[in-house]
Every structure is written in C-alpha cells, then in structure tokens.
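Below is one structure, written out as structure tokens; the observations come after it.
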Amino acid sequence: MSAETRPTPDPLAETPPTVPVRTAAVIPAAGRGVRLGPGAPKALRALSGTPMLVHAVRAMANSRAVSLVIVVAPPEGVAEVSALLSDYALPERTDFRVVPGGETRQESVRLGLAALPEDVTTVLVHDAARPLVPVDTVDAVVEAVRAGAPAVVPALPLADTVKEVEPVAGGGPEPVVATPVRARLRAVQTPQGFDRAALVRAHETVPVDGEGATDDAGMCETLGLPVVVVPGHAEAFKVTRPLDLVLAEAVLARRRANDGY
Ligand code: C5P
C-alpha cells in the first residue's frame with residue numbers, strides 16, 4: 001500500500017477511554033446481630049481470632065478493582081471500629097473510611113453512599129455478615145456492572161423447595177398459599193453491585209418502611225431498573241446463627257491448610 005492510499009489514522013481510536021472507573025465497597029455493619037446470641041455485636045465476633053468485619057473488609061479489598069471500603073458502624077462504635085481496622089493488616093492499595101450508621105440497614109447503606117467521593121462510579125454493597133465471599137465472586141459482580149448492568153446480585157439455586165405461607169399469629173400450623181417453581185428461584189448474596197447513580201436514586205426514592213429494605217437490588221427493582229444475577233458461591237453464606245460460626249471457622253481452617261490464607 002502506498003503512502004497516498006494508506007487510510008489516515010483516527011487519533012480518537014487510540015485514545016483510551018477517559019471515563020474514570022472507580023469502585024468502592026460499602027459495608028453496613030451497624031446491626032446488633034441478636035440472632036447469634038449474647039456477646040459482642042455480630043460484626044465484631046471473632047472468626048479464627050479475627051473479627052468478622054475485618055474478614056469482610058479484606059474480602060472486598062482482595063479485589064484489585066476495589067480502591068475504597070466504607071464501613072458503616074454503630075454511631076457509638078465509630079472510634080472503636082476505626083481503631084480495630086488500623087490494628088489489622090489491610091491491603092495498602094485500598095483506602096478505608098468508617099462512618100456512623102442509622103436505625104435500619106437501609107439507612108446505614110444510604111449514609112455509606114453519602115460518604116462516597118465523587119469519582120466513584122461503581123458501588124458494591126456487602127454485608128459484614130458474609131465474611132468469606134471469595135474474590136472471584138466479587139470480581140464477577142464488578143465486571144457485570146462495568147459491562148453495563150445497573151444492578152447485579154450474586155445468587156445460588158436453592159436446594160430446598162420453598163412454600164409461601166399465610167403467617168398465623170401465635171404459632172399455629174400455617175396454611176400454604178403457593179409453591180413457586182424451584183428452578184426459577186435463587187438465593188441472593190452480597191456483594192451486590194451497582195451503577196452508583198442508580199443506587200443513589202433508589203435510596204433517594206424508596207422510603208424506609210418499617211425495618212427498611214434488606215436488599216438494595218430490590219430497591220432498584222422498585223424503580224423499574226433491570227437487575228441481573230451472576231453465580232454466587234457457597235462460601236458467601238451469611239453468618240446468622242451459632243452454627244454458621246462453626247461452618248465459617250471450618251472454611252477458614254481449610255483455606256489455611258490449602259494455601260496459608
Ligand atoms: O440483621 P441482618 O443480618 O439482616 O443485617 C444485615 C447487615 O446490615 C449486617 O451487616 C448489619 O450489621 C447491617 N445493619 C446496619 N445497620 C442497621 C442494621 C443492620 O448496618 N441499623
């Protein structure tokens with residue numbers, strides 16, 4: 001090809017995208033976690049000697065995409081949680097901030113979002129109560145948001161069949177109302193991932209009703225935004241009951257044996 005016929009290079013074609021892509025994780029950890037029984041607040045319970053919250057923060061920071069983690073702590077516990085995070089080794093490339101939470105999880109997430117710097121475009125919301133989510137799951141959620149989904153949830157198929165019932169006050173036998181087709185059901189986990197503007201709009205629009213929303217993706221659904229599912233992971237289970245602590249310790253022991261985690 002002669003110099004005359006060579007197509008003129010398009011200067012724009014070689015310019016990398018200029019839209020900043022910065023991902024932050026918000027960890028609501030302002031709950032009391034009464035179902036675990038008496039003792040320290042759930043997020044501060046130790047798993048293999050390290051507080052559950054520290055495991056959850058590390059799980060987010062393990063993703064190279066996550067450059068900031070905002071922990072939402074009980075208002076009276078902000079200083080304690082800040083001190084705790086500085087006591088444990090956390091990856092240097094990730095910043096941490098601790099902000100006071102609210103009365104409900106929904107309010108705590110909203111307060112975490114309010115603390116995000118302007119340049120954050122993708123937000124993960126992750127329960128402190130899911131300390132062991134593997135990094136591959138976190139990365140899959142981030143990638144799906146970056147690929148254009150406004151809201152992404154990791155989820156798993158169910159082993160149990162699910163019945164919808166009419167609750168009966170006083171604990172009598174509850175009539176079954178419906179049996180959804182199990183193959184169409186998914187149990188959702190965290191981190192859930194969002195386009196920041198979409199999640200902020202959801203929190204500005206959906207009022208706190210009673211105990212508030214327990215699922216940020218559900219708030220986006222209320223707004224009519226598409227929500228997509230990526231594969232979750234068995235180790236992203238929620239530590240809710242005393243037996244979950246035993247399972248979490250077992251997972252950590254296996255990781256230590258396998259790779260010195
Ligand atoms: O109580 P539950 O396990 O559903 O709480 C889910 C998450 O929301 C937990 O990580 C808990 O610390 C957090 N939460 C919060 N602020 C509240 C209540 C719960 O950050 N007021």
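Hey, with R₀ at 30 Å, roughly what FRET efficiency would GLU76 and ALA114 work out to, going by the Cβ-Cβ distance, to 0.05?
0.95
I need the GluC sites (Glu not before Pro) found in segment 40-100, filtered to DSSP loop residues with at most 11 other beta carbons within 10 Å of theirs.
Filter output for segment 40-100: GLU92.
Quick one: angle between helix 105-114 and the longest Cα principal axis of the chain, in degrees between 0 and 90, rounded to 10, please.
Compared with the principal axis, the helix lies near 30 degrees.
State the Cα centre-to-centre distance between segment 100-137 and segment 229-251 in whole Å.
Rounded to whole Å, the Cα centres lie 19 Å apart.
Relative contact order for segment 107-254: what percent, with Cα pairs under 8 Å and sequence separation of 6 or more?
Relative contact order for segment 107-254 comes out at 35 percent.
If I model a spin label as a point 7 Å beyond the Cα along the Cα-Cβ vector, how far apart are those points for ARG93 and LEU158 in nm?
Here the answer is 3.9 nm between the modelled labels.
Could you pull out the trypsin sites (Lys or Arg not before Pro) across segment 117-209 that fall in loop regions by DSSP (anything but H, G, I, E, B) with no more than 15 other Cβ atoms inside 10 Å?
Qualifying residues, ordered by number: LYS163.
When all protein chains stay in place, what accessible area (Å², nearest 10, 1.4 Å probe) is found for ARG105?
60
Using alpha carbons only, how many degrees (0 to 90, rounded to 10) separate the axis of helix 52-61 from the longest principal axis of the chain?
So the helix axis and the longest Cα principal axis differ by about 20 degrees.
Let me spell out the model: positive unit charges on the Cβ of Lys and Arg, negative unit charges on the Cβ of Asp and Glu, origin at the Cα centre of the chain. What dipole size does that give, in debye rounded to 20?
My answer is approximately 640 debye.
Just in segment 176-261: which GluC sites (Glu not before Pro) are loop by DSSP and have at most 11 other Cβ atoms within 10 Å?
Those satisfying the criteria are GLU211.
First select every other residue whose beta carbon is under 10 angstrom from the beta carbon of ALA24; then total the charges, Lys and Arg +1, Asp and Glu -1.
Result for the neighbourhood of ALA24: +1.
Each residue of segment 215-224 in turn: what ³J(HN,Hα) in whole Hz from Karplus with 6.51, -1.76, 1.60 and θ = phi - 60°, glycine and Pro shown as x?
Rounded to whole hertz, the list is 9, 5, 4, x, 5, 5, 4, 4, 7, x.
Quick one: compute the contact order of segment 116-190, relative version, from alpha carbon pairs under 8 angstrom and 6+ residues apart, as a percent.
30
When the chain is modelled as a GNM with alpha-carbon springs shorter than 10 Å, which of ALA29, ALA144, ALA187 fluctuates the most?
Fluctuation is largest for ALA187.
Expressed as an acute angle from 0 to 90° and rounded to the nearest 10, what is the orientation of the C-alpha long axis of helix 196-205 relative to the principal long axis of the chain?
40
If you count only protein heavy atoms and use a 1.4 Å probe, how large is the accessible surface of THR121, to the nearest 10 Å²?
We get 40 Å² for THR121.
Using protein chains only and a probe of 1.4 angstrom, how many square angstrom of VAL152 are accessible, to the nearest 10?
Approximately 0 Å² of VAL152 is accessible to the 1.4 Å probe.
Most fluctuating residue of VAL228, VAL145, VAL176 in a GNM of the chain with Cα springs under 10 Å: which is it?
Looking only at VAL228, VAL145, VAL176, the biggest GNM fluctuation is shown by VAL176.
Restricting to Cα pairs below 8 Å that are 6+ residues apart, what does the relative contact order work out to for the chain? Please round to a whole percent.
That works out to 22 percent.
What does the helix-only formula give at 222 nm for the chain: each DSSP H stretch with n ≥ 4 adding -39500 (n - 2.57), the total divided by the residues, and the result rounded to the nearest 500 deg cm²/dmol?
-9000 deg cm²/dmol
Please report the carbon-and-sulfur percent of the accessible area for the chain; probe 1.4 Å, protein heavy atoms only, DNA, RNA and ligands left out.
So the carbon and sulfur contribution to the accessible surface is 55 percent.
The values are calculated or read from the model by the stated rules, or taken from the named source; none is laboratory data. Keep in mind that what you see is a predicted model, and the values were worked out from it rather than measured. We place every Cβ from the backbone using ideal geometry, glycine too, and count neighbours over all the protein chains shown. SASA here: full protein model, heavy atoms, side chains in, ligands and nucleic acids out. Shrake-Rupley method; radii C 1.70, N 1.55, O 1.52, S 1.80 Å.
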